[in-house]
């Protein structure tokens, strides 16, 4: 499953770069969780969660970002910002890039500002 996740993370990174975002970090991991991609959209730091769902029987990929997962992402982002103080005063947002369907034909959806912090 990790290999499949890496494929979709690479696809997302490529698409976001094509849209003008700059990659700052990939797979930043702490004991609280992992940030798939950390990117810069002009002056905004964007923490990107990449998800894939083969089937929509349990909802689409974006629906799998529960409140508990959001809390882990927020905590991990706080740690990333603490380690990178030059970005700490910038605006931040959490995006979700989801892929739904079989890998070869998965549909991408980019949810900007997917959830609110606080």
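Readers should treat all values here as calculations from the given coordinates under stated rules, not as data from a laboratory. Source: prediction; values computed, not measured. For neighbour counting, all protein chains shown are included, and Cβ atoms are generated from backbone atoms with ideal geometry for every residue, glycine included.
How do the peptides 38-45, 18-25 rank, highest first, by the average count of neighbouring beta carbon atoms within 10 Å per residue?
Ranking the peptides 38-45, 18-25 by packing returns 38-45, 18-25.
For a label point 7 angstrom out from the Cα of residue 113 toward its Cβ, which stretches of the stretch 12-43 have the backbone nitrogen within less than 15 Å?
41-43
Just check the chain against the gyration tensor rule for me: Cα atoms, a ≥ b ≥ c as the square roots of the eigenvalues, rounded for a/c under 1.5, and otherwise prolate or oblate depending on whether a/b exceeds b/c.
prolate
Place a label point 7 angstrom from the Cα of residue 18 along the Cα-to-Cβ direction, then list the residues of the stretch 92-118 whose backbone nitrogen is under 11 Å away.
Backbone N within reach: 108.
From Cα pairs below 8 angstrom and at least 6 apart in sequence, can you work out the relative contact order of the chain, rounded to a whole percent?
Across the chain, relative contact order equals 24 percent.
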